[in-house]
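The values are calculated or read from the model by the stated rules, or taken from the named source; none is laboratory data. The structure displayed is predicted, hence computed values, not measured ones. Backbone-built Cβ (ideal geometry, glycine too); neighbour counts: all protein chains shown.
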Amino acid sequence: MSVNPTRGVRRKGGGIVRMRGIDYVILYVSDLERAAAFYEQSLGLERRVAGDGYVEFATENSKLGLFERSRLPDLIGRRGGPAGEILFIVEDVDTEAARLRRLGVEIIAGPVDRPWGHRTLHLLGPDGFVIELAQQIPRADRERPVD
(Lines give C-alpha, C1' and ligand atoms only; values in the text may rest on other atoms or scores of the structure.)
Protein backbone atom coordinates (compact mmCIF):
# COMPACT_ATOMS: atom_id res chain seq x y z
CA MET A 1 0.00 0.00 0.00
CA SER A 2 1.30 3.48 -0.83
CA VAL A 3 -0.12 6.85 0.11
CA ASN A 4 -0.20 9.95 -2.03
CA PRO A 5 -1.94 12.72 -0.04
CA THR A 6 -3.34 14.37 -3.16
CA ARG A 7 -4.55 11.22 -4.89
CA GLY A 8 -5.69 8.78 -2.20
CA VAL A 9 -4.43 5.38 -1.13
CA ARG A 10 -3.33 2.86 -3.74
CA ARG A 11 -4.00 -0.72 -2.67
CA LYS A 12 -2.53 -3.80 -4.27
CA GLY A 13 -5.14 -5.21 -6.65
CA GLY A 14 -7.81 -2.83 -5.44
CA GLY A 15 -7.27 0.46 -7.26
CA ILE A 16 -7.27 3.84 -5.58
CA VAL A 17 -9.55 4.54 -2.63
CA ARG A 18 -10.69 8.15 -2.58
CA MET A 19 -11.71 9.19 0.91
CA ARG A 20 -12.59 12.86 1.14
CA GLY A 21 -12.05 12.91 4.88
CA ILE A 22 -13.71 11.88 8.09
CA ASP A 23 -17.24 13.20 8.12
CA TYR A 24 -18.59 11.70 11.35
CA VAL A 25 -17.45 9.95 14.49
CA ILE A 26 -20.45 8.25 16.07
CA LEU A 27 -20.34 6.74 19.54
CA TYR A 28 -22.85 4.03 20.47
CA VAL A 29 -24.24 4.82 23.92
CA SER A 30 -26.48 3.02 26.40
CA ASP A 31 -28.27 6.16 27.67
CA LEU A 32 -28.60 8.78 24.96
CA GLU A 33 -29.82 11.65 27.15
CA ARG A 34 -27.19 11.05 29.83
CA ALA A 35 -24.43 10.94 27.21
CA ALA A 36 -25.76 14.01 25.37
CA ALA A 37 -25.95 15.95 28.64
CA PHE A 38 -22.32 15.07 29.35
CA TYR A 39 -21.11 16.42 26.00
CA GLU A 40 -23.25 19.54 26.36
CA GLN A 41 -22.58 20.35 30.02
CA SER A 42 -19.02 19.07 30.43
CA LEU A 43 -17.56 19.92 27.03
CA GLY A 44 -19.83 22.81 26.04
CA LEU A 45 -20.95 21.28 22.73
CA GLU A 46 -24.19 22.50 21.19
CA ARG A 47 -26.80 20.09 19.85
CA ARG A 48 -27.36 20.52 16.13
CA VAL A 49 -29.74 17.62 15.39
CA ALA A 50 -31.72 15.27 17.62
CA GLY A 51 -34.25 12.52 16.97
CA ASP A 52 -34.76 8.82 16.30
CA GLY A 53 -32.17 7.70 18.85
CA TYR A 54 -29.52 10.09 17.56
CA VAL A 55 -27.96 13.35 18.72
CA GLU A 56 -25.43 15.33 16.71
CA PHE A 57 -23.28 18.19 17.92
CA ALA A 58 -22.08 21.27 16.08
CA THR A 59 -18.32 20.91 15.63
CA GLU A 60 -15.92 22.22 13.02
CA ASN A 61 -14.66 20.09 10.10
CA SER A 62 -16.48 16.91 11.17
CA LYS A 63 -19.49 15.81 13.19
CA LEU A 64 -19.76 14.10 16.54
CA GLY A 65 -22.84 11.94 16.92
CA LEU A 66 -24.30 9.76 19.64
CA PHE A 67 -26.48 6.79 18.68
CA GLU A 68 -28.57 4.67 21.03
CA ARG A 69 -26.96 1.25 21.31
CA SER A 70 -30.40 -0.43 21.57
CA ARG A 71 -31.10 0.67 17.97
CA LEU A 72 -28.04 -1.04 16.47
CA PRO A 73 -30.04 -3.96 15.01
CA ASP A 74 -31.94 -1.47 12.83
CA LEU A 75 -28.71 0.10 11.61
CA ILE A 76 -26.26 -2.76 11.19
CA GLY A 77 -28.32 -5.88 11.83
CA ARG A 78 -26.49 -6.72 15.06
CA ARG A 79 -26.99 -6.14 18.76
CA GLY A 80 -24.15 -5.18 21.09
CA GLY A 81 -20.54 -5.46 20.06
CA PRO A 82 -18.88 -2.33 18.71
CA ALA A 83 -18.46 0.86 20.72
CA GLY A 84 -18.64 3.26 17.81
CA GLU A 85 -18.08 3.99 14.18
CA ILE A 86 -16.17 6.27 11.93
CA LEU A 87 -17.76 7.47 8.70
CA PHE A 88 -15.94 8.29 5.49
CA ILE A 89 -17.64 9.98 2.55
CA VAL A 90 -16.89 8.22 -0.75
CA GLU A 91 -17.90 8.94 -4.33
CA ASP A 92 -19.56 5.58 -5.05
CA VAL A 93 -20.56 3.15 -2.29
CA ASP A 94 -21.43 0.33 -4.69
CA THR A 95 -17.99 0.47 -6.31
CA GLU A 96 -16.38 0.39 -2.88
CA ALA A 97 -18.59 -2.55 -1.82
CA ALA A 98 -17.48 -4.56 -4.85
CA ARG A 99 -13.82 -3.69 -4.27
CA LEU A 100 -14.01 -4.62 -0.58
CA ARG A 101 -15.74 -7.94 -1.34
CA ARG A 102 -12.94 -8.80 -3.79
CA LEU A 103 -10.47 -8.14 -0.95
CA GLY A 104 -12.41 -10.46 1.39
CA VAL A 105 -13.56 -7.72 3.78
CA GLU A 106 -16.62 -8.62 5.88
CA ILE A 107 -19.51 -6.32 5.02
CA ILE A 108 -22.09 -6.27 7.81
CA ALA A 109 -24.76 -4.07 6.19
CA GLY A 110 -25.51 -2.41 2.88
CA PRO A 111 -25.23 -0.85 0.53
CA VAL A 112 -28.58 0.70 1.47
CA ASP A 113 -30.18 4.11 0.96
CA ARG A 114 -30.86 6.01 4.18
CA PRO A 115 -33.49 8.76 4.58
CA TRP A 116 -30.92 11.24 5.93
CA GLY A 117 -29.20 11.52 2.56
CA HIS A 118 -26.57 8.78 2.51
CA ARG A 119 -26.21 5.47 0.71
CA THR A 120 -24.27 3.47 3.29
CA LEU A 121 -22.06 0.45 3.63
CA HIS A 122 -20.99 -0.84 7.05
CA LEU A 123 -17.99 -3.08 7.67
CA LEU A 124 -15.95 -4.14 10.69
CA GLY A 125 -12.41 -2.99 11.25
CA PRO A 126 -9.82 -5.39 12.71
CA ASP A 127 -10.56 -4.26 16.29
CA GLY A 128 -14.34 -4.50 15.96
CA PHE A 129 -15.14 -0.86 15.30
CA VAL A 130 -17.75 -0.19 12.65
CA ILE A 131 -16.54 1.66 9.59
CA GLU A 132 -19.21 3.29 7.48
CA LEU A 133 -18.67 4.38 3.91
CA ALA A 134 -21.33 6.81 2.75
CA GLN A 135 -22.22 8.32 -0.57
CA GLN A 136 -24.26 11.50 -0.47
CA ILE A 137 -27.72 11.12 -2.09
CA PRO A 138 -30.90 13.24 -1.96
CA ARG A 139 -32.49 13.35 1.49
CA ALA A 140 -35.81 11.64 2.13
CA ASP A 141 -36.31 13.37 5.48
CA ARG A 142 -35.58 16.73 7.01
CA GLU A 143 -33.09 17.30 9.80
CA ARG A 144 -34.83 18.08 13.04
CA PRO A 145 -33.04 21.08 14.51
CA VAL A 146 -33.13 21.33 18.27
CA ASP A 147 -35.41 24.06 19.59
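Counting the residues of the stretch 67-88 that are at pLDDT below 85 and not hydrophobic (A, V, I, L, M, F, W, C) gives 9. If you go through the stretch 69-93 and pick out every residue that is in contact (Cβ under 8 Å) with a residue 24 or more places away in the chain, of a type in the set (D, E, K, R) and over 15 Å from TYR24 (Cβ atoms), you end up with 4. Of everything listed in (1) in contact (Cβ under 8 Å) with a residue 24 or more places away in the chain; (2) in a strand (DSSP E or B), the single unmet condition for GLY110 is (1).
One line per residue, one yes/no per condition, for (1) basic (Lys, Arg); (2) surrounded by fewer than 14 Cβ atoms within 10 Å (Cβ to Cβ); (3) modelled with pLDDT of 80 or more:
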| site | (1), (2), (3) |
| --- | --- |
| VAL90 | no, no, yes |
| LEU123 | no, no, yes |
| GLY128 | no, yes, no |
| LEU133 | no, no, yes |
| ARG142 | yes, yes, no |
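Going by the conditions given, is LEU123 assigned to a strand (DSSP E or B) and not hydroxyl-bearing (Ser, Thr, Tyr)? Judged against the criteria, LEU123 is a match. Pairs are defined by a Cβ separation below 9 Å, a sequence spacing of at least 6 or placement on different chains, a first member in the stretch 38-64 that is under 23 Å from ILE89 (Cβ atoms), and a second member that is at pLDDT 90 or above and hydroxyl-bearing (Ser, Thr, Tyr); the pairs so defined are GLY53/SER70. Within the stretch 20-58, restricting attention to residues that are β-branched (Val, Ile, Thr) and either touching a Leu at 6+ places or on another chain (Cβ under 8 Å) or not in a strand (DSSP E or B) (or both), the residue that is modelled with the highest pLDDT is VAL55.
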